[in-house]
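**Q** One structure, pasted below without further comment.
Just so it is clear, none of the values below were taken in a lab; they were calculated from the coordinates. Quick caveat: nothing in here was measured; it's all calculated off a predicted structure. Don't worry about glycine lacking a Cβ; one is built from the backbone with ideal geometry, like all the others, and counts go over all protein chains shown.
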Amino acid sequence: MTIESQVTEQLSSREILTVTQLNQAVSRLLEKSFVSTWVRGEISNFTQASSGHWYFTLKDQSASVRAVMFRNRAVAIGFTPKSGDSVELRGRVTLYEARGEYQLQVENMRRAGMGSLFEAFLALKNKLASEGMFDAEVKRQITPQPRAIGVVTSLGAAALRDVLTALARRAPHVPVIIYPSPVQGMDAAVQLRQALARANERNEVDTILLVRGGGSIEDLWSFNDEALARDIAASVIPVISGVGHETDFTIADFVADLRAPTPTAAAELSCVTRAVLLDRVARAHEGLTDQLQRQIDRLYQRVDRAAAALVSPAQRLAHQQEKLQSLTYRMSSAWQRYAQLRDSRLERVSARLGSRLPEVSSARGTLARLSASMIQAERRLLALRGASLEHAQAQLRALSPEHTLGRGYAIVQTRGGSVVRDAASVISGQGLDVTLAKGVIHVRSD
């Protein structure tokens, strides 16, 4: 059934149609009769509205048709057409009911001739994907703190300026080495491979950025080269691909270790920022400082406990002096008790003897002599014992630490309180305490 017959049937079923009803009926008929199709032509009268929608006319040598491409479709194209461009459009035929004009509502757009290139792109993509070259398992890890970053691009490319600006802002401490190569043209793919090989051969960077700005599929075709893709996959150094705009995809993007939507994004993904590193250093410094302070506090506590348990030489000598005086007093008391006991026994014996002696006057003289002799013997014994006691006291005084120190001797101790008896046990630079008869000297060994 033709469109004309359908409209005729609808008109015959009603008496009168409004213009709106007529245009709505025609719009429905057009949408049902024409499926989405590809159309080739030349763009003219191109206009981009503030809303982001595109309005233009598609024409050839004999005819023209109005076309519209809404913003949500246009942002995915990757380029902005201009009047005079030859393009291929895929869209639906619709009716602009307000004016009763039919138009082409565009869903996709590509530059004329891109169809064969796109097919070649898909064929190579499927081939490499089947070989596992896009698998995440074969991707190399990007070094977060590279010693240097290599950039493979054209020296005159805007992408190079974007990358250098981003790295200077984010990581000025990271050196950048440029491996120049054309990014567009017949021999661009070969020179890109050579630049990538130089970077791997010199091995002076930890990350390679393969970048260029946006463009048509023809402009980016060097990055769809199969040999370049295999070189990227075989690169010893990880490769970040930043080719074109966010909507542009090349084979290099799929085979690279990391794909960035833009050259600037590739620079941002290549290393940790200087601010992040400084923050990490600050946190590490703070943690070390806290740990060191805790260690110092623990050592202070150990020193305090050791100091509390340490007995000074003066205290030790005073304690020994007290002990010596106590022993001297005990010896003297014991001798006095012993003398008193002997005297008492002597008196008792004398009394007993006196009671048993006969009352003979002649014997009294003898007794008096014997008594005098006994007293003298007792005195000699007392003198002998006294001399022994004085000798013992002299020995005690000679052996006392204070007496030894008074003769010019000294006690050498480590700062920990241990007595030094062997010079070989002292290391150079060790602190020592020298105790004299009066006072303590703090010295350091050499």
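**Q** List, in order, the whole-Hz ³J(HN,Hα) value for each residue of region 194-206 obtained from phi through the Karplus relation with A = 6.51, B = -1.76, C = 1.60 and θ = phi - 60°; use x for Gly and Pro.
**A** For region 194-206, the Karplus-derived couplings read 5, 5, 5, 5, 4, 4, 6, 5, 6, 6, 10, 10, 9 Hz, x marking Gly and Pro.
**Q** Here's something else I'd like to know. Restricting to DSSP H runs of at least four residues, report the calculated mean residue ellipticity at 222 nm for the chain, -39500 (n - 2.57) per run over all residues, nearest 500 deg cm²/dmol.
**A** -16500 deg cm²/dmol
**Q** Please give the helix 158-170 orientation as an angle from the longest Cα principal axis of the chain, in degrees from 0 to 90, rounded to the nearest 10.
**A** 20
**Q** Below 10 angstrom from the Cβ of Thr57, what's the summed charge of the other residues (Lys, Arg +1; Asp, Glu -1)?
**A** Its environment carries a net charge of +1.
**Q** Tilt of helix 313-356 relative to the longest C-alpha principal axis of the chain, in degrees (0 to 90, nearest 10)?
**A** 20
**Q** Treating only the Cβ atoms of Lys and Arg (+1) and Asp and Glu (-1) as charged, compute the dipole magnitude of the chain about its Cα centre; round to the nearest 20 debye.
**A** 4760
**Q** Separate question: Using only the alpha carbons of region 99-211, what is the convex hull's orientation-averaged projected area in square nanometres?
**A** If you wrap the Cα atoms of region 99-211 in a convex hull and average its projections, you get 12.2 nm².
**Q** Give me the Å³ per residue figure for the convex hull around the C-alpha atoms of the chain. Please report the intermediate quantities before stating the final value.
**A** Details: hull volume 168.9 nm³, N = 446.
Measuring per residue, one finds 379 Å³ for the Cα hull of the chain.
**Q** Here is a follow-up. Please give every one of the aspartates and glutamates within straight-line cross-link reach of Lys125, meaning a C-alpha to C-alpha distance under 14 Å, and leave out same-chain neighbours fewer than 8 residues apart.
**A** By straight Cα distance, Lys125 reaches Asp135, Asp225, Glu226, Asp253.
**Q** Tell me the net charge near Glu88. Cut-off is 10 Å between Cβ atoms, Glu88 excluded, with +1 for each Lys or Arg and -1 for each Asp or Glu.
**A** Working: positive: Arg40, Arg90, Arg110, Arg111; negative: none.
Summing Lys and Arg as +1 and Asp and Glu as -1 gives +4.
**Q** To the nearest 20 Debye, how big is the dipole of region 135-272 about its Cα centre, given +1 on the beta carbon of each Lys and Arg and -1 on that of each Asp and Glu?
**A** Its charge dipole is roughly 520 debye.
**Q** If you don't mind, there's one more thing I want to ask. For Leu258, list long-range residues whose amide hydrogen, built 1.01 Å from N in the peptide plane, is under 5 Å from its own amide hydrogen.
**A** Val239, Ser241
**Q** Let me know the shape class of region 321-398, please: from the alpha-carbon gyration tensor, a ≥ b ≥ c as square roots of the eigenvalues, rounded when a/c is under 1.5, otherwise prolate if a/b is greater than b/c, or oblate.
**A** oblate
**Q** Quick check on the chain: of the DSSP beta bridges with both residues there, what percent are antiparallel, nearest 5%?
**A** Once the DSSP bridges in the chain are tallied, antiparallel ones form about 65 percent.
**Q** Can you tell me how region 135-272 classifies by the Cα gyration tensor, rounded, prolate or oblate, using a/c under 1.5 as the rounded cut? Mind showing how you got there, number by number?
**A** Numbers: a/c = 1.38, a/b = 1.20, b/c = 1.15.
Because its axes are fairly even, with a/c under 1.5, region 135-272 counts as rounded.
**Q** Once the other residues with Cβ under 14 Å from the Cβ of Gly429 are scored (Lys, Arg +1; Asp, Glu -1), what is the net sum?
**A** The answer is +1.
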